[in-house]
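Beneath this line is the structure, given in structure tokens, with notes to follow.
The values are calculated or read from the model by the stated rules, or taken from the named source; none is laboratory data. Remember, it's a predicted structure, so these values are computed and weren't measured experimentally. Note that we place each Cβ from the backbone using ideal geometry, even for glycine, and neighbour counts take in every protein chain shown. SASA here: full protein model, heavy atoms, side chains in, ligands and nucleic acids out. Shrake-Rupley method; radii C 1.70, N 1.55, O 1.52, S 1.80 Å.
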Amino acid sequence: MISSIIFIILLASGAFLFYKNVAKIRRNILLGKEVNRDDQSAERWRLMSLVAIGQSKMVVRPVAGIMHILVYVGFVIINIEVIEIMIDGIFGTHRVLSFAGPLYDFLIGSFEFLGLGVIIGCVVFFIRRNIIQLKRFMSKELDGWPRSDANYILITEILLMSAFLMMNSADFLLQG
């Protein structure tokens, strides 16, 4: 019971900090001037989908594009696992979604392979940005926050996926 209460307090604190940061970002966005963007709506949506969702890099740089998709899928997967962790933390359960039986085991196993792929992809991206220093990553436009932001995301993704793999390994050993 006490562990659930501590978990709920930590979860609420994290949610509050997240809310404060979202509110700050929203406030900054609202500082911008209103621009009429009623023209070419379909083209704008197509371009946004291609760049943000479809990773247009796949056409020009297929290896980088595939690794980006792997990292994106890994991010989605870790969020599915986080939902289970939150449910378990709040209610004091363990692997609450395991009622799915063999499907659950298959998903957790595939998540682990994807997690390893995400770690490899993020390490490669980090090395390309910071050690090899490819020309396109060294432009003036990337100085300051954009470069730091990319590095924070890569490091956080590596840490999250490592924690996910260690958690599953420890759980496997404990259950065995």
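A few notes on this one:
- Label point distance in nm, Ala42-Val22, each placed 7 Å from Cα along Cα→Cβ: 3.3 nm
- Student exercise, the chain dipole from Lys, Arg, Asp, Glu Cβ charges, in Debye to nearest 20: 880 debye
- Per-residue HN-Hα couplings for the stretch 85-97 [Karplus 6.51, -1.76, 1.60; θ = phi - 60°; Hz; x = Gly/Pro]: 4, 5, 4, 4, x, 6, 9, x, 8, 9, 6, 4, 7
- Gain on full stretching of the segment that runs from Leu174 to Thr156 - 0.36 nm per residue minus C-alpha separation: 3.8 nm
- Per residue, the stretch 1-116 exposes 78 Å² of accessible surface when a 1.4 Å probe is rolled over the protein heavy atoms with every protein chain present.
- Ranked from largest to smallest solvent-accessible area, with a 1.4 Å probe on the protein heavy atoms, Leu10, Leu154 come out as Leu10, Leu154.
- The packing ranking, built from the mean of other Cβ atoms within 10 Å per residue, places the peptides 30-40, 11-21 in the order 11-21, 30-40, highest first.
- To put it simply, the accessible area of the chain at a 1.4 Å probe is 72 percent carbon and sulfur.
- Rounded to the nearest Hz, the phi-derived 3J(HN,Hα) couplings of the stretch 168-176 under the Karplus curve 6.51 cos²θ - 1.76 cosθ + 1.60 (θ = phi - 60°) are 5, 5, 5, 5, 4, 5, 5, 6, x, where x marks glycine and proline.
- Shape parameters for the chain, alpha-carbon atoms, Rg then Dmax in Å: 20.0, 61
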